[in-house]
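Working notes, structure below.
What follows draws every value from the coordinates through simple rules; no lab data is involved. Computed from a prediction, not measured in an experiment: that's the story for all the values here. All Cβ positions, even for glycine, are placed from backbone atoms using ideal geometry, and neighbour counts span all protein chains on display.
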Amino acid sequence: MDKRQNQHFKMYKVVLEWVKTILEKFSAIPGFADTLAEYENLLTEISKQNEATELKSTSQTQSKKEARELLVKLTLDLISILKLHASFNNDVVLLNDVDFTVTQLKQVTEQTTIARAQKVIGHAQETLARGEVYNLSDEKLAEIQSALDVFASKQTNVRSAIVERKGAGEQLEALMDQADDLLKGKLDLIMEMIGITHPEFLNQYKSLRIIVDR
């Protein structure tokens, strides 16, 4: 929920709990109990929709973070091997080309991390093909390539999650609109009727309907 939705939802819940306390006293009013039950069900659906949306978003973000950390670790391991090879073979070009620090792999855009990892993998593949290895193996290359593929796929997954979250946000907004319509179209009218003989209840209700901006 955004700030506005959260403020409205808090008001919806406060109104629900208060109205439930007077339901028995005015249960003879046609449709009162059914309206309140419908309203409570809507608030339950709103809460479930919001929790599911936030949980999915958090899960996607955490998963992508873990994938990036693994890719960075394996890239740094590969860089150490390539630097050792470059130093013993006086390969200044290679040494400069793979001289990435942890900051240059983590504190950059995700696409830059991917591009730099790809460059390091490319150099490692060439080195392995020449048979000039320092604890370099097909297994290591397969492992880092897998980590790269997983992290790259997370970009698509997160973008899809954003689109899905937008859709979920629209569903949430629709449910909020239904709750608002139920308040204005039914509960407000019922409370106006109650207020004819019990103005103190109507005044309390109106005070609860005020949305507090915090």
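Go through (1) closer than 24 Å to PHE151 by Cβ; (2) surrounded by 11 or more Cβ atoms within 10 Å (Cβ to Cβ); (3) without any contact (Cβ under 8 Å) to a residue 60 or more places away in the chain; (4) not hydrophobic (A, V, I, L, M, F, W, C) and name the single condition ARG68 misses.
Failed condition: (3).
Could you check the stretch 101-149 and list, in sequence order, the residues that are farther than 19 Å from SER63 by Cα and charged (D, E, K, R)?
ARG116, LYS119, GLU126, ARG130, GLU132, ASP138, GLU139, LYS140, listed by residue number.
Which of (1) in contact (Cβ under 8 Å) with a residue 40 or more places away in the chain; (2) within 16 Å of LYS83 (Cα to Cα); (3) part of a helix (DSSP H, G or I) is the odd one out, the single condition GLN125 does not satisfy?
(1)
Applying the selection to the stretch 1-33, what residues are more than 18 Å from GLU192 (Cβ to Cβ), assigned to a helix (DSSP H, G or I) and among the charged types (D, E, K, R)?
LYS3, ARG4, LYS10, LYS13, GLU17, LYS20, GLU24
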